[in-house]
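First up is the structure itself, then whatever we jot down about it.
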Amino acid sequence: MSLIREIYKHRYIYSLAIPGLLILFVFSYLPLAGHLLAFKRFEQAKGIWGSPWVGFENFRFFFGNPDWIHITWNTVYLNSFFLIAEIGIATLLALFLNEVRHALFKRFLQSVVFLPYFISWLVVSLMVFGILGNTDGIVNHLLIKTGIDQVDWYQTPWIWPMILTVIRAWKNAGYLSIILLAAITGISGEYYESAKIDGATRLQQITKITLPLLRPTIIVLTLLGIGRIFYGDFGMIYAIIQDNGVLFSSTDVIDTYSYRALRQLGDFSMSSAIVLYQSMMGLVTILIFNTIVRKIDKDSRLF
């Protein structure tokens with residue numbers, strides 16, 4: 001009853017959340033009904049509700065194929081690299097931007113590091129091809145001019161986890177750095193004034209004040225990233241790798257695998273089973289890591 005009274009008392013403020021809640025419901029919760037496809041043999045003529053129930057048959061088909069281990073490993077492996085690179089570079093960028101004292105130049109730098117976030121993956125894929133292409137690629141032109149044999153990048157699987165990590169960090173680290181910079185801005189200046197009085201250098205102020213007070217924000221961003229560690233960046237990987245089977249050994253993730261299953265086999269049910277497995281693993285992962293964080297630092301947990 002107290003909750004109802006609280007909502008009624010501040011009803012005009014809570015009403016501002018209605019559009020966001022509707023969007024969340026329509027695009028996040030309503031589609032959950034589609035997970036029923038994972039337990040059915042979908043027939044388009046009968047629809048979701050009329051298709052016959054097959055239980056865990058779709059999961060047996062998926063887990064009976066040894067590919068599920070490989071694509072799961074690739075997904076976790078690549079996302080771990082992405083997460084470490086993004087958070088690490090974003091933290092450094094935020095610290096560097098915080099040290100810039102000229103306001104106009106600081107705003108310019110913020111815009112520069114934030115700009116890649118708005119570039120579509122299709123454009124990025126064309127940029128990557130222009131850099132690493134076999135015949136017209138910038139890198140191979142430079143290698144040839146220096147007397148080194150050109151490299152067929154699109155036929156070299158082992159190098160792509162590193163290439164994709166660099167691309168992902170370049171595109172997203174600027175966005176995360178703005179979030180971290182906002183957290184740094186919220187730190188009281190009294191801490192730094194006291195440190196200056198005690199003779200602390202600028203580096204000591206960063207390591208003893210900024211980074212410790214920035215830790216909760218970094219942990220939250222890390223937890224959010226871990227929550228999606230089983231979600232490969234489909235837009236990035238498919239735009240850049242496309243259907244290059246040579247690179248599947250190091251770049252094929254759950255998202256691209258399920259998309260190929262749907263596109264090539266037309267099997268909606270098996271694709272739904274793969275996606276449901278992906279969602280459940282993401283849920284389990286975030287629960288485990290949130291429990292660990294709760295025991296280490298309660299103030300930094302998500303829930």
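Do you know which residues across segment 198-214 are of a type in the set (D, E, K, R) and at pLDDT 90 or above? Within segment 198-214, just K208 meets the criteria.
Can you name every one of the helices (runs of 4 or more DSSP H) wholly within segment 200-261 that holds 3 or more residues which are among the hydrophobic types (A, V, I, L, M, F, W, C) and buried (at least 19 other Cβ atoms within 10 Å of the Cβ)?
Of the helices (runs of 4 or more DSSP H) lying wholly inside segment 200-261, those with at least 3 residues that are among the hydrophobic types (A, V, I, L, M, F, W, C) and buried (at least 19 other Cβ atoms within 10 Å of the Cβ) span 211-227, 234-241.
If only residues of segment 134-169 that are hydrophobic (A, V, I, L, M, F, W, C) and surrounded by 15 or more Cβ atoms within 10 Å (Cβ to Cβ) are counted, the one that is farthest from P116 (Cα to Cα) is V151.
Is it the case that some residue within segment 179-192 is within 22 Å of the chain's Cα centre (by Cα) and either under 22 Å from N244 (Cβ atoms) or among the acidic types (D, E) (or both)? Among the residues of segment 179-192, not one is within 22 Å of the chain's Cα centre (by Cα) and either under 22 Å from N244 (Cβ atoms) or among the acidic types (D, E) (or both), which makes the answer no. Beta carbons closer than 7 Å, at least 6 apart along the sequence or on distinct chains, pair a first residue in segment 57-80 that is at pLDDT below 90 with a second that is open to solvent by 60 Å² or more (accessible area, probe 1.4 Å) for F62/W68.
Can you pull out the residues in segment 170-190 that are of a type in the set (S, T, Y) and surrounded by 14 or more Cβ atoms within 10 Å (Cβ to Cβ)? Listed by number, the residues that qualify are Y175, S177. Pairs meeting the criteria (first residue in segment 114-135 and without any contact (Cβ under 8 Å) to a residue 40 or more places away in the chain, second residue surrounded by fewer than 15 Cβ atoms within 10 Å (Cβ to Cβ), beta carbons under 6 Å, at least 6 apart or on different chains) are I131/I138; I131/V139; L132/V139; N134/D152. The set of residues from segment 275-303 being modelled with pLDDT of 80 or more, under 19 Å from the mean Cα position of the chain (by Cα) and either more than 18 Å from F230 (Cα to Cα) or of a type in the set (A, V, I, L, M, F, W, C) (or both) comprises V275, L276, M280, M281, L283, V284, I286, L287, I288, F289. For W121, the conditions (1) open to solvent by 70 Å² or more (accessible area, probe 1.4 Å); (2) in contact with a helix residue (DSSP H, G or I) (Cβ under 7 Å, 6 or more places away or on another chain) all hold with the exception of (1).
Residue count for segment 262-303, restricted to those that are among the polar types (S, T, N, Q) and open to solvent by 50 Å² or more (accessible area, probe 1.4 Å): 2.
The values are calculated or read from the model by the stated rules, or taken from the named source; none is laboratory data. Since we're looking at a predicted model, the values are computed, not measured. Note that we place each Cβ from the backbone using ideal geometry, even for glycine, and neighbour counts take in every protein chain shown. Just so you know, the surface numbers come from the protein's heavy atoms only, side chains and all, with ligands and any DNA or RNA stripped out. Shrake-Rupley method; radii C 1.70, N 1.55, O 1.52, S 1.80 Å.
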